[in-house]
1. Can you say whether residue 123 is under 27 Å from residue 82 (Cα atoms) and surrounded by fewer than 19 Cβ atoms within 10 Å (Cβ to Cβ), as far as the supplied structure shows?
2. Restricting to the range 173-192, count the residues that are closer than 26 Å to residue 140 by Cβ and surrounded by fewer than 17 Cβ atoms within 10 Å (Cβ to Cβ).
3. Quick check on my filter: what residues within the range 123-164 are within 23 Å of residue 219 (Cα to Cα) and part of a helix (DSSP H, G or I)?
4. Can you tell me which residue among 132, 137 is in contact with a strand residue (DSSP E or B) (Cβ under 9 Å, 6 or more places away or on another chain) and closer than 18 Å to residue 148 by Cα?
5. When the range 149-165 is examined, which residues are found to be touching a strand residue (DSSP E or B) at 6+ places or on another chain (Cβ under 9 Å) and within 15 Å of residue 177 (Cβ to Cβ)?
6. Can you name the condition, by its number, that residue 107 falls short on among (1) in a loop (DSSP other than H, G, I, E, B); (2) in contact with a helix residue (DSSP H, G or I) (Cβ under 6 Å, 6 or more places away or on another chain); (3) farther than 15 Å from residue 197 by Cα?
7. If you go through the range 217-224 one residue at a time, do you hit one that is at pLDDT below 95, surrounded by 15 or more Cβ atoms within 10 Å (Cβ to Cβ) and more than 14 Å from the chain's Cα centre (by Cα)?
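The values are calculated or read from the model by the stated rules, or taken from the named source; none is laboratory data. The structure presented is a predicted model; accordingly, all values stated were derived computationally and were not measured. With ideal geometry, Cβ positions are generated from the backbone for all residues, glycine too; neighbour counts draw on all protein chains shown.
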């Protein structure tokens, strides 16, 4: 869920987005959905989220180093290699294997939600209660996705949805176990329904989220 990474009309991002928080969107030179980081939360929303997840202290996101794709792994398309940072690509592939979900679909959601972590607004809890590179819910209209499906992807003993490994692992698990995404190799229509569930609707007045996710996944090489 970018011509520009910061939505038109939104206030400039704060110089220090270090809000201690731990289961609509803009995009590149084409019609994009309105990502969940498109609207920043009110002070009351942020304070409430901080209070709920006060145990998570902000630090620079740690990304698992890029790894060599295993023998037999589906190679990334030219578009995937051009758009996805190597460390994120490694994480999508890793948790795609571990959670048995098509990594290209997982990457499409990461691209839709935060341009693979490059949008600075993703580091803050938005008005709907979503945060991080996969825009995972920590309360409010986004629900508690992290509480339901959270995974400590980087093995540091805590789950922080702003950290790439935790966010991608949690999204993969929640998509498989909570949103009905099929195993890797599954039908594209089943994946599309999972995208609808992840967003909360297949489309809204601003954009057709599920269709845009599936188009991006196809660009990355998805052939369900």
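1. Here the answer is no, as residue 123 does not meet what is asked.
2. Number satisfying all stated conditions: 3.
3. So the first thing to find is which residues in the range 123-164 are within 23 Å of residue 219 (Cα to Cα), and the list is 133-135, 164.
Listed by number, the list holds a single entry, 164.
4. Step by step, each of 132, 137 is checked, and only 137 is in contact with a strand residue (DSSP E or B) (Cβ under 9 Å, 6 or more places away or on another chain) and closer than 18 Å to residue 148 by Cα.
5. Listed by number, the residues that qualify are 149, 150.
6. (1)
7. Of all residues in the range 217-224, those at pLDDT below 95 come to 223-224.
Checking the rest, the ones that are also surrounded by 15 or more Cβ atoms within 10 Å (Cβ to Cβ) come to 224.
Restricting the remaining residues to those that are more than 14 Å from the chain's Cα centre (by Cα) gives 224.
Yes - at least one qualifying residue is present in the range 217-224.
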